[in-house]
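Some notes on the structure that comes next.
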Amino acid sequence: MSTAATVTSEATTSGTLDVAAIKAEFPLLQREVHGRPIVYLDSGATSQKPQSVLDAMDRYYAEINANVHRGAYHIAERATTAVESARAALGRFLGAPSAEEVVFTKNATESINLVAHSWGRTNLTEGDVVLLTMLEHHANIVPWQQLAAERGVEVRWIPVDANGRLDLSDLDALLDGVRLLAVTAASNVTGDLPPVRRLADAAHAVGATVLVDASQWVPHQPTDVTAWDADFVAVTGHKMLGPTGIGALWGRRELLDAMPPFLGGGSMIQNVTVDGFTPADVPTRFEAGTQPIAEIVGWHAAIDYLSALGIDAIAAHERDLTGYALRTLADRFGDDLAIHGPALAADGTVEDRGGTLSLAYRDVHPHDLSQVLDQHGVCVRAGHHCAKPLMKVLGVNATARASLYLYNDESDVDALADALADAGDFFAF
Amino acid sequence: MAGLEDLYREIILDHYRNPRNRGELEVPPATMAEGFNPLCGDEIQVYLQVDDGAISDVRIGGQGCSISQSSASMMSTAVAGKSLDEARDVLRQFKEMMSIHEHGLEGDDDAPADDRPGASGLGDLEALRGVVKFPVRIKCATLGWNTLDQAIGQSLDQSLDQAGDGPAA
Ligand SMILES: Cc1ncc(COP(=O)(O)O)c(C=O)c1O
């Protein structure tokens, strides 16, 4: 079910993106809110979907809907092939050595919970250390805290500095006794991109296993799980042009092979008798029950869409646009506007940073800010972004977050700046 | 279309700029309850001093957006001096006003809100009626009130304890 290739051929010219053509392929980006064209700057929460993804899901239901791995009739075979070719496409997109190492889940949260329940409850006992970073999303915190409460596992934190950048100066000491390092590849608050390979090497040197939360990385940057030397990688479909309700866990084959099932039920067994069950091989072992097949098909179309444009071209576009945003906001608002996270380099370049901009504007509360921005059709997220430990270090309860993606361009950044100026007027006391 | 002026009424902005009854009270004799808005990270503390079944002092701490802060400020002036029963009555009326079940989320944006002063017994608090048109903000407006509810509950527990004739919990 490869569907996107025809759609995007004109949207990329010699490695740079034709953003106008891309925007035109996203139905939601054509709508207006409050009488203004929508300016969608919340892809960090969820991305919009191109027509090819919507079409792929419709076509699935209209033409081949059947349960998979269960019927020997034509459409059931088509459905099974659709799921397995999506698994293969995702495996290639992640640089996985084998598609069988790709387990479908509901989202990144479930992927991490799968590791915590299945690998964690098999391998971790009282006194073992799980090392996290202060940049983590609650999805990569709470499952480990649950394990800590249940097993007496110790949760330890790699700190960040006041600007939200990882502070690795004490890494060696922090790694003492660590069995698992669980780290985000890209912060959903500050845009910081931790040095995953370096962290993985250090963790492996003390015999620890490495889980990477790649939720905010995979949509934006080329991914190679072997270059990271990761052991587990969690991804989520809806932030990378796919539908909600579908995600994946990539895991090293020998680790997955040794792990017990997480959820029990249909599909995940080899045999069941009144006395017990024998689990299936990976990845099926971890895919109990009927999977969200249409969502898997839609995610495949999303991966095709991103691949056709080229993830390198997408990353380059976002780097340029992030630079434009940082410069524009600094020029127009100076000290009235602070951005948490990596700033512009002295020479005006942007390095080592995703297009996630957490803003503090004068003393306007982020919630109020986003409300005024909404009147301009500008969608940003206000809140703690499910990263309360990090917010505490940054010294705020909430930020307004604008996050950029492949379909954003300079006009979106300009609209954000105009709306911010208006918010400043509205709340000028 | 619901515009910003439906949300940010002048009196709301006034309470945001000049919050009433900011501060803390010594606990005990006062009681303190803390509320969080898990969506946006706002937090609020409500301190209550209750004497002879009436709220003799109320203080608000914490931080949050204009809606949560002004709503808490207006709440503090609305319940100061009231008996606990009266305060709970205001609380019930306010939460009724904040419930969206009667309001369509789309379509009836243009329906005029009945926010004339005196349309209910809520007085100035009527200004917050427009929040209902912005469903995400309802939790902001009710944060202080839910916290007040808890603080009242604590006061009642405390007076039971002090009476000393209740069965040990
Ligand atoms: C860094 C990070 N990790 C994990 C998640 C959880 O993703 P999902 O809600 O799709 O499971 C998110 C999404 O908000 C995220 O930004």
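The values are calculated or read from the model by the stated rules, or taken from the named source; none is laboratory data. Predicted model, so just to flag it, every value in this text is computed and none were measured. Glycine gets a Cβ as well: all are built from the backbone with ideal geometry, and neighbour counts include every protein chain shown. Ligands, DNA and RNA are excluded from the accessible area calculation, which covers all protein heavy atoms including side chains. Shrake-Rupley method; radii C 1.70, N 1.55, O 1.52, S 1.80 Å.
Values for this structure:
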read-out: Relative contact order (%) - segment A:234-291, alpha-carbon pairs under 8 angstrom, separation at least six; value: 26 percent
read-out: Potential extension, residue A:315-residue A:77 segment - 0.36 nm per residue separation minus Cα distance; value: 82.0 nm
read-out: Per residue value of the accessible surface for chain A (all protein chains in place, 1.4 Å probe), Å²; value: 38 Å²
read-out: R0 of 41 Å, Cβ-Cβ distance residue A:67-residue A:204: FRET efficiency to nearest 0.05; value: 0.50
read-out: Accessible surface of the protein assembly as shown [probe 1.4 Å, protein heavy atoms]: carbon and sulfur percent; value: 50 percent
read-out: At least 10 Å² accessible surface lost relative to isolated chain, residues of segment B:1-27 (1.4 Å probe); value: B:1, B:2, B:4, B:8, B:13, B:16, B:17
read-out: Longest segment of chain A lacking trypsin sites (Lys or Arg not before Pro) that sit in a DSSP loop with at most 15 other Cβ atoms within 10 Å; value: A:71-429
read-out: Computed E for residue A:281/residue A:170 - FRET, C-beta separation, R0 51 angstrom, nearest 0.05; value: 0.75
read-out: Size of electric dipole in the protein assembly as shown: Cβ of Lys, Arg +1 and of Asp, Glu -1, about Cα centre, debye, nearest 20; value: 880 debye
read-out: Helix runs (DSSP H) in chain A reaching 20 Å along axis by Cα, Kyte-Doolittle at least -0.5; value: A:74-94, A:293-309, A:311-333, A:410-426
read-out: Distance in nm between pseudo-label sites at residue B:26 and residue A:161 (7 Å out along the Cβ direction from Cα); value: 4.5 nm
read-out: Accessible-area ranking of A:157, B:145, largest first, probe 1.4 Å; value: A:157, B:145
read-out: In sequence order, calculated HN-Hα J values of segment B:32-39 (Karplus, 6.51, -1.76, 1.60; Hz; x Gly/Pro); value: 9, 10, 10, x, 10, 9, x, 6
read-out: Peptide B:34-44 - average C-beta neighbours from other chains (10 Å radius); value: 4
read-out: Share, in percent, of DSSP beta bridges within segment A:175-330 that are antiparallel, nearest 5; value: 55 percent
read-out: Residue A:226-residue A:345 pseudo-label distance in nm [points 7 Å out on the Cα-to-Cβ vector]; value: 3.0 nm
read-out: Mean Cα-pair separation over length for chain A, i.e. relative contact order, pairs under 8 Å, 6 or more apart, %; value: 23 percent
read-out: Surface accessible to a 1.4 Å probe, residue A:254 within the full protein complex, Å²; value: 120 Å²
read-out: Residue of A:284, A:399, A:184 that the Gaussian network model of chain A assigns the largest fluctuation, springs spanning Cα pairs under 10 Å; value: A:284
read-out: Length-normalised contact order of segment A:291-429 in % [C-alpha pairs under 8 Å, at least 6 apart]; value: 25 percent
read-out: Accessible area per residue in Å² at 1.4 Å probe, computed on segment B:4-157; value: 45 Å²
read-out: Restricting segment A:104-142 to GluC sites (Glu not before Pro) in coil, as DSSP defines it, with at most 13 other Cβ within 10 Å; value: A:126
read-out: Centre separation in Å (Cα based) which lies between segment A:156-186 and segment A:34-99; value: 35 Å
read-out: Contact surface B-A: accessible area buried, both sides summed, square angstrom, 1.4 angstrom probe; value: 1700 Å²
read-out: Cleavage-rule hits, trypsin sites (Lys or Arg not before Pro), segment B:36-90, DSSP coil, Cβ neighbours within 10 Å at most 16; value: B:82
read-out: Choice from A:81, A:273, A:125 showing the highest fluctuation, given a GNM over chain A with Cα pairs closer than 10 Å; value: A:273
read-out: Dipole of chain A [Lys/Arg +1, Asp/Glu -1 at C-beta], most positive-end residue of A:387, A:246, A:215; value: A:246
read-out: Rough spin-label spacing in nm, given labels placed 7 Å along Cα→Cβ, for residue B:160 and residue A:59; value: 6.5 nm
read-out: Rounded to 5, percent antiparallel among DSSP beta bridges of the protein assembly as shown; value: 70 percent
